[in-house]
1. Could you tally the net charge around Thr237, taking each other residue with its Cβ under 15 Å from the Cβ of Thr237, Lys/Arg +1 and Asp/Glu -1?
2. Using only the Cα atoms, work out Rg/Rh for segment 29-124, with Rh taken as the Kirkwood radius, to two decimals.
3. Under a 10 Å cutoff between Cα atoms, tell me which one of Phe320, Phe107, Phe76 has the largest fluctuation in the Gaussian network model of the chain.
4. So if I take the alpha carbon set of segment 176-315, get Rg, then get Rh from the Kirkwood formula, what is the Rg over Rh ratio?
5. Using Cβ counts within 10 Å as a stand-in for footprinting exposure, how do Tyr304, Tyr70, Tyr232 rank, fewest first?
6. Mind checking which of Val83, Val110, Val282 has the largest fluctuation in a GNM of the chain, springs on alpha carbons under 10 Å?
7. Along segment 279-284, what does the Karplus equation 6.51 cos²θ - 1.76 cosθ + 1.60 (θ = phi - 60°) give for ³J(HN,Hα), rounded to whole Hz, x for Gly and Pro?
8. What do you get when you divide the Cα radius of gyration of the chain by 2.2 N^0.38 Å, with N the number of residues?
Amino acid sequence: MSRLDFTVASADGIDDLDPVELDQLAVGSPALYRADLARLEMAQLGRGSDVGYLSARTGDGRCAGLVPWYAVHPPFDESVDPVSLFGSPPDVRQLLLAGSPGRSVNFLAVGADADEPGRLRVVDQLVDELKLAARALGARFILFPHLTAGQTRLLGPLLPGPIASNSQQKAVLPVRWSSFDEYVSWLPHGRRAAVRSERRRFLQSDVVIREHPLDDVTEEMAPLLAQTESRYGRDLTPDQMELYLATIAAFHGDNASVLAVWRGEQPVAFALLIDGGSTWDVRAWGRDYSLPGDDALYFNILFYEPIIRAAERGVGLLDFGTGSLRSKALRGCDLEELTTVLLEVDGG
């Protein structure tokens with residue numbers, strides 16, 4: 001496939017994309033991919049951002065690549081703020097975010113049946129089209145947030161002049177066992193006693209854990225999520241968190257569930273799971289910090305309960321995201337590199 005064997009089309013919204021196109025991309029779950037893009041699109045439009053999609057198509061109409069973009073203005077979210085990420089870049093008054101609006105994975109994707117040279121040519125053309133979109137919007141810079149190693153490999157040869165880059169990590173856990181006991185036995189010998197103790201304290205406590213469809217418990221879980229956000233310096237109200245959870249429920253439907261810890265009729269903590277088929281994403285955590293408790297609650301609801309259920313249901317991978325990486329690594333997670341790159345549109 002030469003560089004001229006495909007064309008790039010633009011779309012203003014996810015509804016303008018043929019669902020069949022997404023089935024042709026190298027993404028784990030096309031349904032989850034589309035639901036996430038739809039949810040992010042709604043959120044960004046609500047913040048006053050411009051949103052668009054660029055899709056590369058082969059001569060026979062197959063989708064060879066896709067990248068969403070989001071045009072944002074200051075004040076930037078810290079996850080995409082060039083000053084927070086890079087220190088002192090040139091004055092940035094507008095950004096074109098390529099693949100992700102921040103606080104999410106990067107959704108740049110290529111065709112599932114393309115070889116490596118073909119994928120490079122597709123991404124090359126998509127980057128050229130992103131530059132055109134940025135110029136049309138008056139943005140001098142394109143930011144590619146949270147690129148995986150595979151995405152970075154495809155973009156690397158095309159970005160000879162990035163003016164800044166930043167790396168962080170996320171934690172993933174391949175599910176290699178069929179039970180919790182097998183998981184514990186798989187851990188390094190020095191970690192097993194602590195994990196068994198955390199599990200035992202949780203099981204001997206006065207709480208119970210139940211699994212719910214997210215749509216059934218958004219109101220009950222929202223105050224817990226607001227407490228966790230506040231603990232990490234983000235001043236968000238229960239009403240805002242309920243809207244956030246309700247939006248996820250609306251777009252993900254039965255694939256969004258909650259593992260909730262209850263003390264009597266009172267919710268104590270929860271973890272949000274998104275079922276992507278072979279992969280589960282652990283998306284959020286909330287807790288009532290006014291109640292007594294210990295770290296066993298945190299580790300059980302966020303790690304051990306998802307591990308037990310994933311092993312029982314044949315899930316291949318748990319994605320625990322960024323943050324608290326040491327705790328996740330101690331419990332067996334692999335750490336994957338995520339790279340964020342700032343590119344000057346006319347810099348190379």
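1. Taking every other residue near Thr237 into account, the sum is -3.
2. Dividing the radius of gyration by the Kirkwood radius yields 1.02.
3. Checking each option, the largest mean-square fluctuation is seen for Phe76.
4. Reported Rg/Rh (Cα atoms, Kirkwood Rh): 0.98.
5. So the ranking, lowest neighbour count to highest, is Tyr232, Tyr304, Tyr70.
6. Checking each option, the largest mean-square fluctuation is seen for Val83.
7. 10, 10, 9, 8, 8, 7
8. 1.04
Since every read-out is calculated from the coordinates, none of them should be taken as a lab result. Quick caveat: nothing in here was measured; it's all calculated off a predicted structure. Virtual Cβ from ideal backbone geometry, glycine too; neighbours counted across all protein chains shown.
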